[in-house]
Structures are given as C-alpha cells and as structure tokens.
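**Student:** Here you go, one structure.
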Amino acid sequence: MPASRLGKWAAGLLGLQLFILLSATGTGAEKPGVCPQLPETADCVKECASDDQCKDNHKCCQAGCSFVCSTPNEKEGTCPSVDLPKLGLCEDQCKVDSQCPDNKKCCRNGCGKMTCTTPKF
C-alpha cells in the first residue's frame, strides 16, 4: 500500500476511534433533560456524538444504532417497561413529554407506538 494511501487509512481509523470514544464516554457538554425513547431507524445515522453538537436545547440521543439530536423530555420519572406484544392504541399520540397532560410522559405502549403514560418514580 502506498504511503499516502496508508496515511489516509490511518487518519480515517483514528477519526472513527475518536467518534466511538466520544459516543461511549459522553465527553461533550451535557445538556439538561432526558432523551426520549426514540424509534429505531433502518440506517445507522451518526448525526452527533455529544449534546454540544446539537443546536438549542436538543440532546444527542440514541435511536437503535443511530445517534440523533432530539428534543429532551422535561418531565420527571421514567417510562414503564412494556413487554411486546400487548394491547395498545396503534397510533402515536405524542412525540415529547410536553404534549402530555399533568405529570404524564410520552412513552411506548404495547403496540410499539407513543402514548401519554403515568411514569415510574
């Protein structure tokens, strides 16, 4: 392999290792809020590696194998776990916590869609 090609390959490998390290350690500035439960995407998009790479108040959140900038949840508590398949309204009723009344959070239901749910504390 020619030296110039080897250098490009090594630089690419180093960049990939740095990205993985930043993703795993979260060394970027942490923004307030909690990432919502995001649906998995078919393609592994790497839009960000840490919160500081996202504009405004958005956080770098995992969606399956992807990392995307997303509006954080602003309500306390965590979504209850759901063992699929169970009954549930098979359409999304919300995307973020702020669309839910009172202290309810936007969580996955038994149909795999998002709905306003009483959180666990």
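**Student:** Tally the residues that are loosely packed, with under 15 Cβ neighbours inside 10 Å and touching a Lys or Arg at 6+ places or on another chain (Cβ under 8 Å), restricting the search to the stretch 99-120.
**Tutor:** If we filter the stretch 99-120 for residues that are loosely packed, with under 15 Cβ neighbours inside 10 Å, which is where we start, we get 99, 101-103, 112, 118, 120.
Going one step further and asking which of them are touching a Lys or Arg at 6+ places or on another chain (Cβ under 8 Å), we end up with 103, 118.
Of the residues in that region, 2 qualify.
**Student:** Take Cys54 and tell me if it is open to solvent by 40 Å² or more (accessible area, probe 1.4 Å) and either out of contact with any Phe, Trp or Tyr (no Cβ under 9 Å at 6 or more places or on another chain) or among the hydrophobic types (A, V, I, L, M, F, W, C) (or both). Explain how you work it out, then say what you get.
**Tutor:** Values: open to solvent by 40 Å² or more (accessible area, probe 1.4 Å): no; either out of contact with any Phe, Trp or Tyr (no Cβ under 9 Å at 6 or more places or on another chain) or among the hydrophobic types (A, V, I, L, M, F, W, C) (or both): yes.
Answer is no for this residue.
**Student:** Let me ask something else about it. Condition first: open to solvent by less than 90 Å² (accessible area, probe 1.4 Å) and either touching a His at 6+ places or on another chain (Cβ under 9 Å) or at pLDDT 90 or above (or both). Now tell me which residues in the stretch 39-51 satisfy that.
**Tutor:** Of everything in the stretch 39-51, those that are open to solvent by less than 90 Å² (accessible area, probe 1.4 Å) and either touching a His at 6+ places or on another chain (Cβ under 9 Å) or at pLDDT 90 or above (or both) turn out to be Cys44, Val45, Cys48, Ala49, Ser50, Asp51.
The values are calculated or read from the model by the stated rules, or taken from the named source; none is laboratory data. Owing to the predicted nature of the structure, the values given are computational and were not obtained by experimental measurement. For neighbour counting, all protein chains shown are included, and Cβ atoms are generated from backbone atoms with ideal geometry for every residue, glycine included. Accessible surface areas use protein heavy atoms only, side chains included; no ligands, DNA or RNA. Shrake-Rupley method; radii C 1.70, N 1.55, O 1.52, S 1.80 Å.
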